[in-house]
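Below is one structure, written out as structure tokens; the observations come after it.
The values are calculated or read from the model by the stated rules, or taken from the named source; none is laboratory data. The shown structure was predicted, so the numbers you read here are calculated from the model rather than taken from an experiment. Don't worry about glycine lacking a Cβ; one is built from the backbone with ideal geometry, like all the others, and counts go over all protein chains shown. Just the protein is used for accessible areas: all its heavy atoms, side chains included, with ligands, DNA and RNA removed. Shrake-Rupley method; radii C 1.70, N 1.55, O 1.52, S 1.80 Å.
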Amino acid sequence: TRRCLCISIIALLALGVVGAIIGFAVTFGLPPPTPGQSVIFFCNQTGFLCDDRVTCLSASQICNRIRECVNGEDEQEKLCNDLPSNLPGYLIFRCSNPVYWIYADKKCNGANDCGDCSDEKGTCNCPPCGTQWWSCTPVFFEYCTCIPRALCGDRIQHCSDWSDEYACNR
């Protein structure tokens with residue numbers, strides 16, 4: 001009735017105000033940080049956005065003891081003193097052994113950064129080995145799914161099935 005109508009109108013007005021605030025924030029963006037204010041921004045879910053709001057660093061450029069941001073915010077002590085705990089989860093990858101971690105941009109790069117190939121398995125969708133590579137299961141963890149053809153026929157086992165010695169041609 002009348003009471004329900006009044007409550008409905010008030011609820012719609014409140015929703016309209018919230019919608020207007022959200023629309024304003026999306027349209028005009030967030031205000032820049034005030035001078036001296038230490039604010040950490042992240043970009044593209046894979047990197048770190050410097051205070052200049054232009055420079056975006058890859059995950060492995062953060063806390064590497066090289067100041068890539070003009071103001072050095074990528075090397076701030078409060079960010080780098082407890083790695084990887086102080087970094088957001090999307091900047092790191094936890095290896096299958098939870099003691100070890102790597103920066104997220106090192107995952108699926110073809111190198112065995114974790115030491116057990118866990119960073120090269122699963123969701124990587126790695127392309128097939130190129131013409132200079134032999135596809136096999138390596139016995140050493142330097143490689144994860146392929147070995148360089150230069151290692152074929154060298155009388156040293158590099159593949160678990162010995163295919164690098166009996167089937168692979170340089």
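Could you sort 49-57, 94-102 so that the peptide with the highest average Cβ count within 10 Å comes first and the rest follow in order?
Details: 49-57: 15.7, 94-102: 13.8.
The packing order, highest mean first, is 49-57, 94-102.
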Response to the item:
Mean accessible area per residue over segment 39-108 (1.4 angstrom probe, all protein chains present, square angstrom) is 57 Å²
Worksheet item: If we sort 110-119, 75-84, 155-164 on the protection proxy, mean other Cβ atoms within 10 Å, highest first, what's the order?
Response: 110-119, 155-164, 75-84
Practice prompt. Just tell me which aspartates and glutamates come within less than 16 Å, Cα to Cα, of Lys106; anything on the same chain fewer than 8 places away is out.
Written response: Asp116, Asp119, Glu120, Glu142
Discussion item. Ignoring ligands, DNA and RNA, please state the percent of accessible area on segment 39-108 from carbon and sulfur, probe 1.4 Å.
Written reply: 50 percent
